[in-house]
Amino acid sequence: MRMILMIWILVCLPLGAWADDRLVRLYAPVELIETGVMRHILPRFTLKTQVRVELVASPDQADMAWGTDGVALFQHGEMIWQMALQDAPHAGTARFADWLSGEVGQRTILGFAPEGTPLFLAPAKVAEAEIKIEYDGDPKAGFTSAKTKCGRCHAVDDGGRMNDIGSTPSFFVLRVFENWEDRILSFYVLRPHRPFTQIKGVTEPFAINAPPAIKPIEMTLDELDDVVAYVATLEAAELGAPLVHQ
């Protein structure tokens, strides 16, 4: 089933979209580029994933920008470099963010030592005021729905990280985005879900002469609320967290 889904996605995606998914446009200030860190980490990511990262001259041209806004990534002296993504990152950008948040990406960044001494450190954590938000859904039911209906493509928990489609963002990466709730509640209109997703009372039935190419996802609005409540219990992928070796 996983192979069929991958083939279907590749066939249905426009050629330009597929090309974009394999290219991440990254903006970084000149002073950071001059450290040489880009020559250290970018080829390693590309070798691992076959997704190329290209430096661009302006944040407006970028899928991802490193600077003083966003999620803390690493620290250089008193400067904490942060990562910001565009509102609707494509699969390649999401995969780059996921790699940066993982052990391999963090080890690669923090292991950059051009003169024998590591240049960067994991950023100091900044205490944040705890804001408790109540959700209408049932997180336990949401986990079940996420596991059975989303888990065939996305990693929805720690146990699913080895079974997802590599180009799709995990739920932990989705939690990084400020509008993660909107992304989940409207996923059925986003590529590539629309052709095989039905939300009861919201979407039109599939055309008789154009059935979905794969097993459809059928959900209710209540189930979507449950999934949101479940995802709210997950910790966002914490870029720049200290590595823990076991």
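Here, each number is a calculation from the coordinates, and none is a lab measurement. Being a predicted model, the structure only gives us computed values, none of them experimental. Neighbour counts are summed over all protein chains in view; Cβ atoms, including those assigned to glycine, are modelled from backbone coordinates with ideal geometry.
Short version: ³J(HN,Hα) in whole Hz for each residue of the range 220-231, in order, from phi by Karplus 6.51 cos²θ - 1.76 cosθ + 1.60 (θ = phi - 60°), x for Gly and Pro, what are they?
Couplings: 10, 5, 5, 5, 5, 4, 5, 5, 4, 4, 5, 4 Hz.
Amide H neighbours of L73 under 5 Å, counting only residues 5+ apart in sequence or on other chains, H built in-plane at 1.01 Å?
Those lying under 5 Å, H to H, from L73 are W81, Q82, M83.
Quick one: net charge around A57, please, counting Lys, Arg +1 and Asp, Glu -1 for every other residue with C-beta under 15 Å from its C-beta. Mind showing how you got there, number by number?
Numbers: positive: R25; negative: E31, E34, E54, D60, D63.
Neighbour charge sum, excluding A57 itself: -4.
Past 21 Å, Cα to Cα, is the threshold; run K147/K200; K149/K215; K48/K149 against it and keep the listed order. Could the numbers behind the result be given before it?
Working: K147/K200 19 Å; K149/K215 10 Å; K48/K149 28 Å.
In this structure, K48/K149 exceed 21 Å between Cα atoms.
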